[in-house]
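Here is the structure we will look at, set down as structure tokens.
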Amino acid sequence: MYMFIEPECQWKQENGSAMHQWIKQQTNPNPNDVDIVVYGALLSYAGEASAKAQYPTAFRKVWPSFQSYNLDEQINLRALSVVDIGDVAIHEQDRMLSESAIEAAAENLSIAFQKSFTCLIGGDHAITACSLKGIKNAFPQDRIGIIQIDTHLDARNQEEIGLAQDSPIHQLIASGIVEGRHIYNVGLHGFFNSPEMIHYAREQGIHMITLKQMRRDGIQLTIREMLRQLMYEVDRIYVSVDLDALDIMFARDVPAATPGGLTAYELFDILKLIGENEGVRHIDFVYADPKDGTLRPETVKIGVTAFLQWLTGIQLDHRNRISKKGKVTL
């Protein structure tokens with residue numbers, strides 16, 4: 001596709017069970033042969049226009065460290081056709097053009113790969129708004145629900161603060177892309193959201209599920225109930241995984257990570273449950289880049305594991321559907 005460029009990190013296509021051998025890197029795959037489309041957006045939250053996001057490239061570089069077989073679930077992800085089509089061709093000196101490019105890319109992918117799941121790797125949390133605008137362009141009649149895994153509401157008024165990475169939810173509500181009552185924010189905790197933003201979220205009907213509440217009620221029960229409710233209300237579900245939802249002990253270089261956040265194990269369980277729900281058609285992983293220095297491999301590997309847990313959920317759902325039809329499962 002013309003709007004994508006080859007990623008900086010590419011792997012030779014060869015047989016094998018490692019992640020870099022299993023995921024195909026193709027610029028123009030046949031949509032009928034693809035279960036999951038992965039693409040990157042190099043848009044960074046950094047103040048310098050020329051700064052590129054590190055995470056999409058770092059995400060690909062650690063693939064040889066991972067196998068396709070999930071020992072915990074005894075399931076092989078090679079049964080899924082996963083294709084990496086590269087990075088959105090953003091404009092390094094023009095943020096607004098970059099956001100428009102991501103929106104157009106998401107729209108085109110949603111139309112071309114209607115039967116596939118899409119996964120966007122960033123970058124700035126602004127890409128979530130861009131991606132959702134593109135999806136809405138592709139399916140204007142569809143009601144879209146959002147599950148936002150985040151420490152923050154990310155709903156500041158962009159007209160007041162100017163371009164900022166922490167306002168995608170406000171953008172989406174203001175533009176009519178998503179209704180507040182169809183947004184569920186999980187992972188909120190502590191002292192990291194202003195009273196004004198909380199007031200705005202309540203006014204808009206955003207479901208604010210604190211980490212304390214989720215742990216008290218049970219993470220599995222909370223996520224399953226959230227998905228069940230959204231499935232009644234919307235036509236497709238978008239999940240945004242902001243890696244600052246992790247406790248700072250698990251993501252020391254993520255700038256907005258905080259004490260008391262999700263453990264890596266909790267995030268993995270959440271992503272597996274989300275993958276088991278076919279209504280979740282789109283997902284992104286964002287906000288990993290440090291303000292200074294290089295992204296730590298520990299943080300990258302947690303993000304990749306979360307991605308693989310989502311794929312595990314998808315494969316478990318496929319296996320369960322086949323089992324219900326009375327066919328032999330592998």
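Structure data summary
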read-out: Failed condition for residue 39, given (1) modelled with pLDDT under 90; (2) within 30 Å of residue 129 (Cβ to Cβ); value: (1)
read-out: Qualifying residue in region 220-240 (condition: open to solvent by 30 Å² or more (accessible area, probe 1.4 Å) and in a loop (DSSP other than H, G, I, E, B)); value: yes
read-out: Residues of region 79-98 that turn out to be open to solvent by 10 Å² or more (accessible area, probe 1.4 Å), touching a residue at least 12 places away in the same chain (Cβ under 8 Å) and either within 19 Å of residue 57 (Cα to Cα) or touching a His at 6+ places or on another chain (Cβ under 6 Å) (or both), as a count; value: 3
read-out: Test: residue in region 259-267 that is among the aliphatic types (A, V, I, L, M) and modelled with pLDDT under 95; value: no
read-out: Checklist (1) open to solvent by 10 Å² or more (accessible area, probe 1.4 Å); (2) within 17 Å of the chain's Cα centre (by Cα) applied to residue 128, failing item; value: (1)
read-out: Selection from region 224-254 of residues that are touching a residue at least 40 places away in the same chain (Cβ under 8 Å) and farther than 19 Å from residue 182 by Cβ; value: 243, 244, 245, 246, 250, 251, 252, 253, 254
read-out: Unique residue being surrounded by fewer than 16 Cβ atoms within 10 Å (Cβ to Cβ) and either touching a Phe, Trp or Tyr at 6+ places or on another chain (Cβ under 6 Å) or at pLDDT below 95 (or both) when the list is 44, 50; value: 50
read-out: When residues of region 278-308 are limited to those that are within 16 Å of residue 35 (Cα to Cα) and open to solvent by 30 Å² or more (accessible area, probe 1.4 Å), the one farthest from the chain's Cα centre (by Cα); value: 278
read-out: Any pair with Cβ under 6 angstrom, 6 or more apart, that starts in region 5-29 at a residue that is closer than 20 Å to residue 79 by Cα and ends at one that is assigned to a loop (DSSP other than H, G, I, E, B); value: 17/68; 19/66; 20/11; 21/14; 22/68; 25/10
read-out: Test: residue 275 is in contact with a Gly (Cβ under 8 Å, 6 or more places away or on another chain) and either of a type in the set (Gly, Ala, Ser) or modelled with pLDDT under 95 (or both); value: yes
read-out: Options 265, 238; residue that is more than 15 Å from residue 309 (Cα to Cα) and of a type in the set (Ser, Thr, Tyr); value: 238
read-out: Conditions (1) open to solvent by 10 Å² or more (accessible area, probe 1.4 Å); (2) in a helix (DSSP H, G or I): number failed by residue 177; value: (2)
read-out: Region 206-223 residues that are in contact (Cβ under 8 Å) with a residue 40 or more places away in the chain, paired with ones that are in a helix (DSSP H, G or I) and open to solvent by less than 20 Å² (accessible area, probe 1.4 Å) (beta carbon under 7 Å, 6 or more apart); value: 206/180; 208/201; 219/270; 220/273; 223/270; 223/273; 223/274
read-out: Criterion (buried (at least 18 other Cβ atoms within 10 Å of the Cβ), assigned to a helix (DSSP H, G or I) and acidic (Asp, Glu)) met by exactly one of 253, 244; value: 244
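The values are calculated or read from the model by the stated rules, or taken from the named source; none is laboratory data. What you are looking at is a predicted structure, and each value in this text was computed from that prediction instead of being measured. Every residue, glycine among them, receives a Cβ derived from its backbone with ideal geometry; neighbour counts consider all protein chains shown. These accessible areas exclude ligands, DNA and RNA; they are computed on the full protein's heavy atoms, side chains included. Shrake-Rupley method; radii C 1.70, N 1.55, O 1.52, S 1.80 Å.
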